[in-house]
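A short worksheet on the structure shown next.
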Amino acid sequence: MKKKLSWLCIVIVIVFCISFFVWRNRNIRVADIIDFDTITKVEIWLNDDSVTLTESEDIKKFTDILDAMKLKKKLRTESDGFVFTIVIYHENNDKNHLTLLEDIIVDEQYYGCDRDYCDDMLKLYKSVQSSP
């Protein structure tokens with residue numbers, strides 16, 4: 001009886017570990033974290049300069065970039081390189097804070113991206129910056 005109970009405990013621990021590993025490595029979409037439908041304004045900061053997105057077309061381009069991201073939760077890492085700081089404002093006065101490097105930090109939660117999205121964000125940044 002003790003032997004069966006020991007094996008049962010071992011199997012439960014193994015199943016739990018595998019389940020945790022699968023859950024931890026699943027793909028997450030930014031839309032699962034941020035409600036795109038309630039966004040009213042987006043500030044994109046690059047160094048000390050910023051652009052503000054208020055037009056629905058610009059916000060749509062921004063959310064398309066975010067929606068293309070496939071994220072995986074990860075532990076905090078020290079990264080350097082190209083950085084955007086983004087503040088997203090919602091209808092109910094809530095805010096989301098994002099930091100985009102080769103990975104992304106959403107409201108202090110760290111995620112690995114399937115690729116580097118900084119070039120896409122830079123194109124949007126420059127297009128809004130150059131428009132009158």
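Compute the Cα gyration tensor for the chain, then decide on rounded, prolate or oblate, letting a ≥ b ≥ c be the square roots of its eigenvalues: rounded whenever a/c is under 1.5, prolate when a/b is larger than b/c in the other cases, and oblate in all that remain.
Cα axes put the chain in the prolate bin.
Using only protein heavy atoms and a 1.4 Å probe, report how much of residue 128 is accessible, in Å² to the nearest 10.
Around 20 Å² of this residue is reachable by solvent.
Among 4/74; 4/73; 95/123; 3/74; 61/95; 4/72, which pairs are too far apart, with a Cα-Cα distance over 27 Å?
4/74; 4/73; 3/74; 4/72
Residue separation times 0.36 nm, minus the C-alpha to C-alpha distance between residue 116 and residue 74: what's the value?
13.6 nm
Please give the length that would be gained between residue 28 and residue 6 if that part of the chain were fully extended, namely 0.36 nm times their separation in residues minus their C-alpha to C-alpha distance (nm, one decimal).
Stretched fully, the residue 28-residue 6 segment lengthens by 4.3 nm.
Starting from the Cα of residue 60, draw a straight line to each of the aspartates and glutamates and keep only those under 13 Å, dropping any in the same chain fewer than 8 residues away.
35, 37
The values are calculated or read from the model by the stated rules, or taken from the named source; none is laboratory data. Model, not experiment: these values are computed from the prediction. Surface accessibility is based on the protein's heavy atoms, side chains included, excluding ligands, DNA and RNA. Shrake-Rupley method; radii C 1.70, N 1.55, O 1.52, S 1.80 Å.
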